[in-house]
Amino acid sequence: MKSKSVVTILSLLAFGALVFLDVPPARSGEPEAPAKTVEPAPTTAEARSRARLLHTTLHGTLSVMHRDFFRKGDSRAIPSASLKDVFKQIAEEHGVTVRWLATEETVMNVDNLATDPWQQEALRAIQEGKDSAETTENGRYRFAGAIPLQNQCLKCHVATRTSLEDRFAALEISLPLRLEKAEE
């Protein structure tokens, strides 16, 4: 029963993301071909708004999944790992990449460590108290939003901690941009 609820939640999330990203529904009888980019690609302001909404949606979903489906001693998958399947589908169908970012202190999967200087700087800014970081580069808008790891999270993420202070990870969302024309 709980696994059906997870599938339902993830299906609703995927549907909401499609509506939000303004992807037209496939017409019956037409073959579905995965889109490689959001059509039309958003401006920086549109990408910022979309990334913030996706961050809130995915952070909220992660929290609910932890609360409702992850129990100590249970052999269920870790919710953040389960969401990677959703991330993969969003990337394949819409050209939007989503990635967990963790610090050395909080990492449970080395694949979530920063892989470039901007991710390292974004994590540093979040560790210092900012709620997000953003940049535009190579035709993409990159947003990293804070994911607070509160005491109950730290039981796994920082099992050997010596304080109960919150730690932070991040969720990076990268969207292709429509190039804005410079005013003449």
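Each value in this text was obtained by applying a stated rule to the coordinates, not by laboratory testing. What you see is a predicted model; the values in this text were computed from it and never measured. Quick reminder, even Gly has a Cβ in these numbers, built from the backbone with ideal geometry, and neighbours come from all protein chains shown.
May I have the extent of the alpha carbons of segment 92-146 along their three principal axes, as whole Å values ordered from largest to smallest?
Rounded to whole Å, the extents work out to 32, 23, 17 Å.
Any chance you could run the full-extension gain for Val64 through Leu164? It's 0.36 nm times the residue separation minus the Cα-Cα distance, nm to one decimal.
Difference between extended and current length: 33.8 nm.
With label points built 7 Å along Cα→Cβ from the Cα atoms of Gln89 and Glu105, find their separation and express it in nm.
The answer from the label model is 3.5 nm.
Please list, in chain and number order, the residues 5+ apart from Leu149 or on another chain whose amide H is under 5 Å from its amide H, with Hs placed from the backbone.
Under 5 Å from the amide H of Leu149 lie the amide H atoms of Arg167, Phe168, Ala169, each far enough along the sequence or on another chain.
Treat each spin label as a single point 7 Å out from the Cα along the C-beta direction, and report the Arg52 to Thr136 distance in nm.
If labels sit at Arg52 and Thr136, their model points lie 1.6 nm apart.
Please list, in chain and number order, the residues 5+ apart from Leu113 or on another chain whose amide H is under 5 Å from its amide H, with Hs placed from the backbone.
Answer set, sorted by chain and number: Ala102.
Order these by the 10 Å Cβ neighbour count, fewest first: Thr56, Thr162.
Thr162, Thr56
Report the gain in length on full extension from Thr115 to Glu128: 0.36 nm times residue separation, minus Cα-Cα distance, nm rounded to one decimal.
2.7 nm
Excluding Val86 itself, calculate the net charge of residues whose Cβ lies under 14 Å from the Cβ of Val86, where each Lys or Arg counts +1 and each Asp or Glu counts -1.
Result for the neighbourhood of Val86: 0.
Just to confirm the filter: which GluC sites (Glu not before Pro) across segment 91-138 are DSSP coil and have at most 16 other Cβ within 10 angstrom of their Cβ?
For GluC sites (Glu not before Pro) across segment 91-138 that sit outside H, G, I, E and B with at most 16 neighbouring Cβ atoms in 10 Å, the list reads Glu104, Glu105, Glu128.
Quick one: Karplus J couplings for segment 53-64, per residue in order, coefficients 6.51, -1.76, 1.60, θ = phi - 60°, nearest Hz, x for Gly and Pro?
Those phi angles translate into 5, 4, 4, 4, 4, 6, 5, x, 5, 4, 4, 5 Hz.
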